[in-house]
1. Mind checking whether some residue in segment 133-144 is hydroxyl-bearing (Ser, Thr, Tyr) and surrounded by 18 or more Cβ atoms within 10 Å (Cβ to Cβ)?
2. Could you look through segment 1-51, keep only residues that are of a type in the set (Val, Ile, Thr) and more than 15 Å from the chain's Cα centre (by Cα), and pick out the one that is farthest from VAL242 (Cα to Cα)?
3. Within segment 34-81, how many residues turn out to be assigned to a helix (DSSP H, G or I), more than 22 Å from THR248 (Cβ to Cβ) and either in contact (Cβ under 8 Å) with a residue 60 or more places away in the chain or among the aromatic types (Phe, Trp, Tyr) (or both)?
4. Being touching a helix residue (DSSP H, G or I) at 6+ places or on another chain (Cβ under 7 Å) and not aromatic (Phe, Trp, Tyr) narrows it down to one of ALA127, ALA99, ALA132, so name that one.
5. Taking GLY24 as the residue in question, decide whether it is crowded, with 24+ Cβ neighbours inside 10 Å, more than 25 Å from LEU280 (Cβ to Cβ) and of a type outside the set (Val, Ile, Thr).
6. Answer yes or no: is there a residue in segment 185-201 that is under 20 Å from ILE21 (Cβ atoms) and touching a Ser or Thr at 6+ places or on another chain (Cβ under 9 Å).
7. Kindly check whether there is at least one residue in segment 146-163 that is of a type outside the set (A, V, I, L, M, F, W, C) and in a helix (DSSP H, G or I).
8. Taking only segment 188-220 into account, find how many residues are under 16 Å from ARG272 (Cα atoms) and exposed (fewer than 11 other Cβ atoms within 10 Å of the Cβ).
Amino acid sequence: MNYFLAQLVNGITLGGMYALIALGYTMVYGVLLMINFAHSEMFMAGAYIGLGTLLLLSNAGTQNAISKALPFLSFLKNLRGFFTGSTVGLVLLFIIVLAVAALLTGCLGVLIERFAYRPLRHAPRLAPLISALGVSIFLQNAFLLWVGNIKPFPSLISVKDLSGGAGLGITPVRIMIVVTSLVILVILDLFIARTKIGKAMRATSQDQDASGLMGINVNSIIAMTFFIGPALGAVAGVFSGVYYHVVTYNMGFMPGIKSFTAAVIGGIGNLRGAMLGGFLLGLIESFAQGYISASYKDVITFMILIIILIFRPGGLLGSSVVEKV
């Protein structure tokens, strides 16, 4: 029984990260009907930016090096003791790392939309897809050349098992991943449903031309979408670094593919569907690895995707759209 519960905890934790990335996929698709395959690199970029922010605020070697290059940042040395010497400081450090990673990665997403996607908005659908793949390859190689390959991610949060001797693996890191994912879903759902910007997003997703005629700045709404989606991916990237204690230049590829799969399973374009698909995919992968074989977990995952698409092409919470000709 304990083994089953341990796999359940693993699956929910993994599903929380998949769900955060899948939300970004589904937001972009919901507005532009476009699959942003560069979104997996937003996950990777967020992890690197989060690592850089963490080292800048808490690592003596990094602070000494940056102070020599940029003397006006030498004040960061005085903050290191606060961030690393108390629980309040550690919590604040983690919040700052998440916020900076989300903000800068969101800005990167806006730049990508402006220069790589917007000029192709009225081109055939294959053109933006190829552009997205090009951006993905560019970002992977840019981080490899400019930052490096494998970077250790220092521990921010305790990994102590809170389940006592049961060995369920209920750690503060896992609790934070799941809780954050659910909180973000609720906030995002309310934002889309209740705010003017959210309503403008829904209008733009239905008809861009009509939205423009009604006074909605379509370009700004799309840019906002490309800010929120990568920001969510960045949060997942930081969680991945905290959870696995390492970041790499190609770390976004497989989580990106699986999160896209999760969005499709739940119903791409549907926020709740993306969240459901993320947690469902995490549970499937965890139980497949625990009870069948780690070598076959991906095979089983994508077999289930095929079965769902055969019997429910729109996803679990999506709806199939019939085009009239």
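The values are calculated or read from the model by the stated rules, or taken from the named source; none is laboratory data. Everything numeric in this text was worked out from a predicted model, so none of it was measured. We place every Cβ from the backbone using ideal geometry, glycine too, and count neighbours over all the protein chains shown.
1. Yes.
2. VAL31
3. The total comes to 1.
4. Details: ALA99 fails: touching a helix residue (DSSP H, G or I) at 6+ places or on another chain (Cβ under 7 Å); ALA132 fails: touching a helix residue (DSSP H, G or I) at 6+ places or on another chain (Cβ under 7 Å).
Answer to the selection: ALA127.
5. Details: crowded, with 24+ Cβ neighbours inside 10 Å: yes; more than 25 Å from LEU280 (Cβ to Cβ): no; of a type outside the set (Val, Ile, Thr): yes.
In short, no.
6. So far as segment 185-201 goes, yes, one or more of its residues are under 20 Å from ILE21 (Cβ atoms) and touching a Ser or Thr at 6+ places or on another chain (Cβ under 9 Å).
7. Looking through segment 146-163, none of the residues is of a type outside the set (A, V, I, L, M, F, W, C) and in a helix (DSSP H, G or I).
8. Here the count works out to 1.
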